[in-house]
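FYI, it's all coordinate maths here, none of it is from the lab. This structure is a prediction, so every number in the text was calculated from the model and none was measured. Counting neighbours? That spans all protein chains shown, and the Cβs are built from the backbone with ideal geometry, glycine included.
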Amino acid sequence: MRRYRSRAFVSAMLTAMLVLAGCSGGTNSSPAGDGQSGGQTGNPGSSAGGGAEQVTLSMHSWRVEDAEGYKKIIQAFEAENPGIKIDFKPFKATEYNTILNTALQSDSGPDILQLRPYAPGISLAEAGHLEPLDQLPGIENFSKDVLAASTGKDGKVYGVPLSLNSTQIYYNKKLFEQNGLSEPKSWDELINTAKTLKDKGVVPFAFGAKEGWLLSLSHGVIAPGTYNGNAFIGKILNGEADFTSPEFVKSIQRMQELVPYFPENFVGLDLNDTRTMFFTEKAAMFINGSFELEGLQKMNPDLPLDFFPMPTDDGKTVLTTWVDGSYAVNAKSKHKAEALKFLEFMASKKFGELFANEFKRISAIPGVTTSDPLVNKMAELSASSSTPYLMVVHFAEGNPTTKQTLENALQGMYLNKLTPEQVSQEVQKSAASWFPAFKK
């Protein structure tokens, strides 16, 4: 009986070893170093190569709302690259930075990651977490200004730009028409429009102060109207003006001037609250980015939606723009070649067209248009009358960043703890601690 059991044990062990040998034989790729999602390998022979093992790449983003759309885009890539699977995993935007940084520092980050634009993303490159993309096919088609959002201080490109964002004031055409209103052409007309709506029992602005980034974004729309777009920005960048200058203080005062036209208890409202208020037609206007368009249209396909750029004090209009997040490759990815293959796809016009039409956004890839008239209107205004989102493009550095300082100070103002002048002083104090032009 003992011999029988011994022979049975040896036989079972030999069988298991043969099975393991068969499973591992003929592979030419190693497991991904993700440690969180993806990275698993499939069955041998599943790729177009015949004997190669299928690779699954982990891809992280802060856009939870884009999950369904990316399924279609990823399917298009996988159809042409059957040996590669993409595991798209988005995280809540406010938690993404912490989750990503922790993963990268512990060498368990994703193969492909969505990169915050400008300073935050570039800091990851400086820390050695990102693979340079200067030789990536298609990267040469992007303009230098667009690539600036993901170009390191060493001059190397680390991300494939995704889209060109704009911020504007969305409005409900039906509510405007019912109350005899048209798009305002000046600040005074905007205030009169808000007053008329409030007097008619309509909430003028769907607005919340709970999330700081919404405040800097809203300020990014309002402020260029006070300093007439780009001229003042040039003075700031050259150190000829600063954030205590009258033009900037006036922009903070206007943020305070809008308070009577915000919803009740607006300091406790977040994006979901205000978005819902607007698409359910309980508010007439909504200050937000181009990235909200697709969601608004899905939530209420019958929403009579339009937008207007910010009127400036010199009688013109301006649209605030910036390059949105790009996609990068983890320098420590175990599947770097496959990850670069996907980024090559993201730099193609095919991806640009899929992205623009699926998400109703302006692709960063030149020559891409969409079937949506509002997206095309945003693109046209971005080309003709744009100004950079100052806090994202130029002042997202510092500890805390000057952008975060503005957000915190605006929240303090809305809690009646700071005056507009004090907000401006806090912003200048932050910028002066690191911005070269203020150190002269």
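Based on the mean of other beta carbon atoms within 10 Å per residue, what is the order of 335-345, 253-263, most packed first? If you can, show how the numbers build up before the last one.
On the way: 335-345: 20.5, 253-263: 17.1.
So the order, starting with the most tightly packed, is 335-345, 253-263.
Using modelled backbone amide H atoms (1.01 Å from N, in-plane), which distant-in-sequence or interchain residues come within less than 5 Å of L130's amide H?
Placed amide hydrogens put A331 under 5 Å from L130.
Quote the relative contact order of the chain in percent (integer), defining contacts as alpha-carbon pairs under 8 Å separated by 6+ residues. Walk me through the numbers on the way to the answer.
Numbers: 799 pairs, mean separation 91.0, N = 440.
Taking the mean separation of contacting Cα pairs over the length of the chain, I get 21 percent.
In terms of Cα to Cα distance under 14 Å, which aspartates and glutamates are near enough to K92, apart from those fewer than 8 places away along the same chain?
In chain and number order, the partners are E65, D66, E211, D270.
Give me the distance in nm between label points sitting 7 Å out from Cα along the Cα-to-Cβ direction at K282 and K185, one decimal.
Using points 7 Å along Cα→Cβ, the separation is 3.5 nm.
So for the chain: antiparallel DSSP bridges make up what percent, rounded to the nearest 5?
Details: 28 of 42 bridges.
Around 65 percent antiparallel, to the nearest 5.
Given points 7 Å out from each Cα along the Cα-Cβ axis, report the N376 to V259 separation in nanometres with one decimal.
4.4
For segment 352-408, which GluC sites (Glu not before Pro) pass both filters: DSSP loop (anything but H, G, I, E, B) and at most 14 other C-beta atoms within 10 Å?
Values: sites: E353, E358, E380, E397, E407; in loops: E397.
Sparse-neighbourhood loop GluC sites (Glu not before Pro): none present.
How much length would be gained if the chain were fully extended between D270 and K198, taking 0.36 nm per residue of separation minus their Cα-Cα distance, in nm to one decimal?
Fully extending the segment from D270 to K198 adds 23.8 nm.
With runs of 4+ DSSP H residues as the only contributors, calculate the mean residue ellipticity of the chain at 222 nm using -39,500 (n - 2.57) per run, divided by the residue total and rounded to the nearest 500.
-13500 deg cm²/dmol
Expected output is a single nm value to one decimal: the length gained when fully extending between L237 and K350, i.e. 0.36 nm times separation in residues minus the C-alpha distance. What is it?
37.0 nm
In the neighborhood of G398, defined by Cβ-to-Cβ distances under 14 Å, what is the net charge if each Lys or Arg adds +1 and each Asp or Glu adds -1?
Here the count lands on 0.
Using a Förster radius of 30 Å, what is the FRET efficiency between S106 and W213 based on their Cβ-Cβ separation? Nearest 0.05, please.
0.70
Around L305, which amide H atoms from residues at least 5 apart in sequence, or from another chain, sit under 5 Å from its own amide H, with H modelled in the peptide plane?
Amide H to amide H, under 5 Å and 5 or more residues apart or across chains, L305 pairs with K173.
Which order do the peptides 311-320, 57-66 come out in when sorted by mean C-beta neighbours inside 10 angstrom, highest first?
Descending packing order for the listed peptides: 57-66, 311-320.
Between K156 and T419, 0.36 nm times their residue separation minus their Cα-Cα distance comes to what? Display every interim value, and only then the final one.
Numbers: separation 263, 0.36 × 263 = 94.68 nm, distance 4.22 nm.
Result for the pair: 90.5 nm of gain on full extension.
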